[in-house]
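Below is one structure, written out as structure tokens; the observations come after it.
The values are calculated or read from the model by the stated rules, or taken from the named source; none is laboratory data. Since we're looking at a predicted model, the values are computed, not measured. For neighbour counting, all protein chains shown are included, and Cβ atoms are generated from backbone atoms with ideal geometry for every residue, glycine included.
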Amino acid sequence: MQVEEAMAQDETVRKEYDEICEALDMLAVESSIEAPASLKEKVLAKIEDPAEAPIASETPAEKPIELPKTTPAEKPQPKPVQSESPISGGAKVVDLNRWKYMSAAAVALLVISLGFNVKFFSDVQNAEEQIGVLLQDKYLLSDENGTLSTEYKILKDRFSFFERDNLVSATLKGTPENEGKEAIVFWDKSKGDVFLVANNLPPLGKDEQYQLWAIDNEKPLGAGLIPQNHQEGIAFKMSNVSSSQAFAITVEKAGGAESPTLEKMVVVATI
């Protein structure tokens, strides 16, 4: 059934099967034994004239066959019919051809079966390799998904203040001596929370640090220090400010100062 299904699906298997059958037919023809060419003439001559010499066998040493003489009063008693000996010449020829045919067919089926087994084993190996690759990709995607989820949660927590109703913002621009520098302040006027995003504040030396100031009625109030290893685009929680009309950032010594160094003001903006 497997061979028939394979032949129906694959023309190459059908062709191989036909070639095997053809080879087996040729083997059966070549293995057959032909009767002597003179046997037919001798049989016909014996039928036409019983007095003619008996038919000679293939072997010259064998004696002619003598027919028993009978009288009208005597009738020859029929001899029991004996089945052909399994070791007779004809039986040997028939059994040999049959076993040759069956052996060749068994070998052919074995070859086809081996071919299917090899192909099946190869397909299984390829499938296992593909499954391994897919599982590896799954684990990588799972790790990446976990990393992205963590980063998203961190960003969501850092910028959750955007959802506040009383939030105001101000973009602090660079002074004439510090063009291009910039920061953004987000201030929750109802709660006093201040968040700062350093968009373009170049790193300072180890002995210096950026400090944020809230200017209320022209009086500067310290609103917190910006980390020395700050990153652009990251929001930092600063000190609370209850009232302010402007914000500014100055460069101070590491650890901050009690009052701003005006000549070192970097960015400033009004609210």
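Does region 216-229 hold any residues that are outside any loop (DSSP other than H, G, I, E, B), under 15 Å from residue 257 (Cα atoms) and without any contact (Cβ under 8 Å) to a residue 40 or more places away in the chain, and which are they?
Taking region 216-229 and keeping what is outside any loop (DSSP other than H, G, I, E, B), we get 216, 219-225.
Narrowing further to those that are under 15 Å from residue 257 (Cα atoms): 219-225.
Hits for region 216-229 are 219, 221, 222, 223, 224, 225.
Select from region 217-235 the residues that are over 57 Å from the mean Cα position of the chain (by Cα) and either at pLDDT below 90 or loosely packed, with under 14 Cβ neighbours inside 10 Å (or both) and list them in ascending order. Break it down into steps so the answer makes sense when it comes.
First pass over region 217-235, keeping only residues over 57 Å from the mean Cα position of the chain (by Cα): 217-223.
Listed by number, the residues that qualify are 217, 218, 219.
Does region 185-204 contain any residue that is part of a loop (DSSP other than H, G, I, E, B), free of Cβ contacts under 8 Å to residues at least 60 places away in the same chain and under 18 Å from residue 263 (Cα atoms)?
So the first thing to find is which residues in region 185-204 are part of a loop (DSSP other than H, G, I, E, B), and the list is 189-193, 201-204.
Subsequent filtering for residues that are free of Cβ contacts under 8 Å to residues at least 60 places away in the same chain retains 189-193, 202-204.
Pick out the ones that are also under 18 Å from residue 263 (Cα atoms) and you get 202, 204.
Within region 185-204 (the criterion being part of a loop (DSSP other than H, G, I, E, B), free of Cβ contacts under 8 Å to residues at least 60 places away in the same chain and under 18 Å from residue 263 (Cα atoms)), the answer is yes, since at least one residue qualifies.
Confirm whether residue 192 is surrounded by 13 or more Cβ atoms within 10 Å (Cβ to Cβ) and either closer than 17 Å to residue 268 by Cα or in contact with a helix residue (DSSP H, G or I) (Cβ under 6 Å, 6 or more places away or on another chain) (or both). Outline the logic, then answer.
Numbers: surrounded by 13 or more Cβ atoms within 10 Å (Cβ to Cβ): yes; either closer than 17 Å to residue 268 by Cα or in contact with a helix residue (DSSP H, G or I) (Cβ under 6 Å, 6 or more places away or on another chain) (or both): no.
So residue 192 does not fit the description; no.
Which of (1) among the hydroxyl-bearing types (Ser, Thr, Tyr); (2) in contact with a strand residue (DSSP E or B) (Cβ under 6 Å, 6 or more places away or on another chain); (3) surrounded by fewer than 18 Cβ atoms within 10 Å (Cβ to Cβ) does residue 242 not meet, given it meets every other one?
The failed condition is (2).
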